[in-house]
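The values are calculated or read from the model by the stated rules, or taken from the named source; none is laboratory data. Source: prediction; values computed, not measured. Please note: Cβ atoms are built from the backbone with ideal geometry, for glycine as well, and neighbour counts cover all protein chains shown. In case anyone asks, the SASA skips ligands and DNA or RNA and just uses the protein heavy atoms, side chains included. Shrake-Rupley method; radii C 1.70, N 1.55, O 1.52, S 1.80 Å.
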Amino acid sequence: MGKLALLHLLCGILIFWAVSVVKAEDPYRYFTWTATYGMASPLGTPQQVILINGQFPGPRLDLVTNENIVLNLINKLDEPLLLTWNGIKQRKNSWQDGVLGTNCPIPPNRNYIYRFQPKDQIGSYTYFPSTQLHRAAGGFGVLNVYARSVIPVPYAKPAGDFSLLIGDWYKTSHKALRQILDSGKSLPFPDGLLINGQKQSTFTGDQGKTYMFRISNVGLKTSINFRIQGHKMKLVEVEGSHVIQNLYDSFDVHVGQSLSILVTLDQSPKDYYIVASTRFTATVLTSTSVLHYTNSQTPVSGPVPAGPVNQFQWSLMQARTIRWNLTSNAARPNPQGSFHYGKITPSRTILLANSAPLINGKQRYTVNGISYINPDTPLKLADHFNIPGVFTLDSIRSAPTADSPHLATAVLPSSLHEFLEIVFQNNEDTMQSWHLDGYDFWVVGFGSGTWTQASRKGYNLVDALTRHTTQVYPKSWTAIFVSLDNQGMWNLRSAMWDRQYLGQQVYLRVYNPTASLANEYDIPTNALLCGKAAALRHP
């Protein structure tokens, strides 16, 4: 009887352990999205837009840290399509990044099931089409990742949560805009500025309560300034990082960037302007919405609050006020400042300079003289299947050269667990915005003129912000540190989509010669195969 009781006890322990393991797995969320064309009038003129499940902008995707996302995307457009999840790190999973270097595009009337996890992430993000110039027609939307209930955030839960997708917009169709770029010309100035796909929206709240506004610049090429009439804005989160909670009257948001602010409705009960306007443009485009107090009987009135004047220095000084909150948790309970990035010596420096030359008589954009062209086979598939002739690891230098600008498939080699210093050198008179898939990075320095090794003396090595997209001011440089702890093939690109389309991008190959599922997941069983990989089979 004693042995039987012991056997029952052991079985009970095993069953409890097995159930606990099952319960310990992070929850799964399932979505089915269909991309179609539809008609809308964002600027008052009917035009064709891209809808997701009949919506423009697309559905808001609200997730919780570490949830497993299974999203079936059905393409009903007349062209191949991919969505990319801007700012989601895709840990060990660049197979799901949704850009042409990692994925074959989804053909018309076909589908692809994305499987990914916002592993150890929180914050405000977006998704959008990465193929062709589809982003100019819509297909973008909000992607918010909320903290798990067991992880405290450094502010009281707001009474409401509003997401604002703000960006420049063209009345011209995306196909006609693409023809302009393909013909060797730059895009014209945008026709307007939209907030959530409209010229005007209303956001309602109760007097005395505090609300979160999540702001994302989803435009093609123009920085914006955001402000709310008569109200201070408390910055609390930027692209997954909790920050020192400074108050601002207005805030610059550059292309591809996202942030979260808290606004307390502490004014007299009436309606107030919410304003977005373009920055650093000769013609200023403005879009207004309304902040409506529930007990308001007074509509908006008076002049629309003016934004800052056309000063890069003002914007630069504001950028330097954004600091990491070293005592706050992020997605995990350990404080954000527990990784002392400033005490690590970078293994090497990569200096990337953008330029806008004519190549073969056509306008192109380059990185270190190389204007990127997409091969017919995704780089990730070529790497996985050892397909020759798709890319080489000497296609681009890690510093500018005096060589003539030319077209190539640019791939920068790197090793897993390297710690890099990357400097973006902007010698042009225009604003730049740079994004890195698969990572966030520390923005350690901004400076004017040409970067030199002496520029490091001004780096912030203590509480620099981590984010996935950084601005580079005209005739200036921006320096970042990045810890390459995520194996894969990752797109490093201009967030300004006309520049990305015409070549201002490279891929960073983060490589480990020893294959291991501890470092990177295997190729998905449903991966689409195209180009030189079309005739291959999954192993």
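The table for this structure:
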read-out	value
Pairwise FRET efficiency - Gln311 versus Arg456, Cβ, R0 = 35 Å, nearest 0.05	0.85
Per-selection metrics, segment 116-239 (Cα): Rg and Dmax in Å	17.4, 55
Where segment 337-443 is the region considered: accessible area per residue in Å², 1.4 Å probe	41 Å²
Cβ-placed point charges (K, R +1; D, E -1), dipole of segment 410-539 about Cα centre in debye, nearest 20	240 debye
Sequence-distant lysines (8 or more away, or on other chains) whose Cα lies within less than 22 Å of Lys343	Lys457
Val367 long-range amide H proximity, modeled H, under 5 Å	Tyr372, Gln505
Over 17 Å [Cα-Cα, segment 16-112], rounded percent	62 percent
In Å², nearest 10: area of Ile113 left accessible to a 1.4 Å probe	50 Å²
25 °C / 0.890 mPa s Stokes-Einstein diffusion coefficient of the chain, Kirkwood radius on C-alpha pairs, µm²/s	101 µm²/s
Global form of segment 402-511, assessed from the alpha-carbon gyration tensor, a/c cut-off 1.5	oblate
For Arg320, solvent-accessible area (1.4 Å; no DNA, RNA or ligand), Å²	90 Å²
Helix-derived mean residue ellipticity, 222 nm - over the chain, DSSP H n ≥ 4, -39500 (n - 2.57), to 500	-3000 deg cm²/dmol
Spatially near lysine pairs across segment 154-242, Cα under 22 Å, sequence gap of 8 or more or different chains	12
At R0 = 45 Å, FRET efficiency that the Cβ-Cβ distance of Ser516 and Asp182 yields, to 0.05	0.60
Fraction of beta bridges assigned by DSSP in the chain that are antiparallel (%, nearest 5)	70 percent
Rounded if a/c under 1.5, otherwise prolate or oblate - segment 382-464, Cα gyration tensor axes	oblate
Whole-number percent relative contact order across the chain, with pairs defined as alpha carbons under 8 Å at least 6 apart	14 percent
Dimensionless Rg/Rh of segment 284-368 - Kirkwood Rh, Rg from C-alpha atoms	1.15
Measure of compaction for segment 87-176 (Cα Rg per 2.2 N^0.38 Å)	1.35
